[in-house]
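The values are calculated or read from the model by the stated rules, or taken from the named source; none is laboratory data. On a predicted model such as this, the values are computed, not experimentally measured, just so you know. FYI the Cβ positions are ideal-geometry reconstructions off the backbone, even for glycines, and counts take in every protein chain you see.
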Amino acid sequence: MAARRKATTQISRLARRAGGTAAANRMVPEETPVAFSYAGTTHAVMMASPADFEDFALGFSLTEGIVGDPKEIEAIEVEDLGAGIDIQIKLKDKANTRFQARRRRLAGPVGCGLCGIESIEEAMRSVDAVGSSKLTLEAEDVTRSVRLLSKLQPLHTETGAVHAAGFYVPGKGVVMAREDVGRHNALDKLAGALAKAGIDGASGAVVVTSRVSVEMVQKTAAIGAPIIMAVSAPTALAIRTAEAAGMTLVALVRGDDFDIFTHPDRVACGVAKHVA
């Protein structure tokens, strides 16, 4: 198991304010290379916050389709190499055979740089449909989820420089949250934490502090959540992907205001009106 690393570091800087300029200290978040290795071979390297490594490894394995169930992982070993973290993930026989076949199929293509993915085809993979979920939210659930998540971000409170992903269950609030310098890393860590806790992804909604790009939709679908809510805006590809997956995409949650981009029937908002 890796030695515990500091999540933040205090640095000095010159702070210019209306009253003048002065030297002052500030806490900033650490980030470190984290390698995911399967069968002794590095599959992907992410820049991430040095925390929740097992959640990260499990969540990444699930959301990237390397395993379909946590039981397909035999062991996770975290090693601190000084320059970074190496997470050795040992897959059980069938999962390992499937992964090795995937590696052979992808051998040779130029990397596209998306979340450790090795080909354009992998980046544009289809997502599982989540339309069968019966989950519905009130408008207050949407705004409340963001307010509650803001109270579960100690690293952001200290540094102002990291993202968070939470899991909101109506009547219970945000039952799980994870932070990271990378928005998709935070979501992977959340996915792993939910899987370890045995929480059904279809029972709640994902809420994130970032924009919604296509990989955020893909990972939310892998969790099984039918709703993703975000404080920032979505990309066009994320909207198309959510629409195809039957997922409700809510974004730009600011105070009591928000926009619903896909499958609005899951959020009770009252009578619809045209907004010019």
The number of residues in region 3-39 that are part of a loop (DSSP other than H, G, I, E, B), out of contact with any Lys or Arg (no Cβ under 9 Å at 6 or more places or on another chain) and of a type outside the set (Asp, Glu) is 7
When every residue in region 146-174 that is closer than 20 Å to Ile199 by Cβ and among the small types (Gly, Ala, Ser) is compared, the one surrounded by the fewest Cβ atoms within 10 Å (Cβ to Cβ) is Gly171
Quick check, is Thr143 assigned to a helix (DSSP H, G or I), surrounded by fewer than 16 Cβ atoms within 10 Å (Cβ to Cβ) and more than 16 Å from the chain's Cα centre (by Cα)? no
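Among the residues of region 251-266, how many are in contact with a helix residue (DSSP H, G or I) (Cβ under 6 Å, 6 or more places away or on another chain) and part of a strand (DSSP E or B)? Walk me through it before giving the result.
Filtering region 251-266 down to residues in contact with a helix residue (DSSP H, G or I) (Cβ under 6 Å, 6 or more places away or on another chain) leaves 253, 256, 258, 261-262.
With the extra rule that they be part of a strand (DSSP E or B), the set shrinks to 253, 258, 261-262.
The total comes to 4.
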When region 217-246 is checked residue by residue, the ones that are among the small types (Gly, Ala, Ser), touching a strand residue (DSSP E or B) at 6+ places or on another chain (Cβ under 7 Å) and touching a residue at least 24 places away in the same chain (Cβ under 8 Å) are Ala225, Ala238, Ala242
For Ala57, the lone unmet condition from (1) assigned to a strand (DSSP E or B); (2) crowded, with 17+ Cβ neighbours inside 10 Å; (3) touching a residue at least 40 places away in the same chain (Cβ under 8 Å) is (1)
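Mind telling me which of the residues Thr248, Thr220 ends up being surrounded by 24 or more Cβ atoms within 10 Å (Cβ to Cβ), within 18 Å of Thr143 (Cβ to Cβ) and not aliphatic (A, V, I, L, M)?
Details: Thr220 fails: within 18 Å of Thr143 (Cβ to Cβ).
Only one candidate passes the filter, namely Thr248.
This table checks each residue for (1) touching a residue at least 24 places away in the same chain (Cβ under 8 Å); (2) farther than 20 Å from Arg5 by Cα.
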site	(1), (2)
Thr159	yes, no
Tyr168	yes, yes
Met176	no, yes
Val206	yes, yes
Ser210	yes, yes
Any residue that is surrounded by 24 or more Cβ atoms within 10 Å (Cβ to Cβ), polar (S, T, N, Q), at pLDDT 95 or above and within 11 Å of the chain's Cα centre (by Cα) - is there at least one of those in region 181-203?
yes
Checked region 64-102 for anything surrounded by 14 or more Cβ atoms within 10 Å (Cβ to Cβ), part of a helix (DSSP H, G or I) and at pLDDT below 95; matches are Ala95, Asn96, Arg98, Phe99, Gln100, Arg102
The correct count of residues that are farther than 11 Å from Gln88 by Cβ and either modelled with pLDDT of 95 or more or assigned by TED's automatic domain parsing to the domain that holds Ala164 (or both) in region 33-44 is 2
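Among the residues of region 157-174, which ones are β-branched (Val, Ile, Thr) and within 16 Å of Ser203 (Cβ to Cβ)?
If the condition is that a residue be β-branched (Val, Ile, Thr) and within 16 Å of Ser203 (Cβ to Cβ), then Val169, Val174 are the ones that fit.
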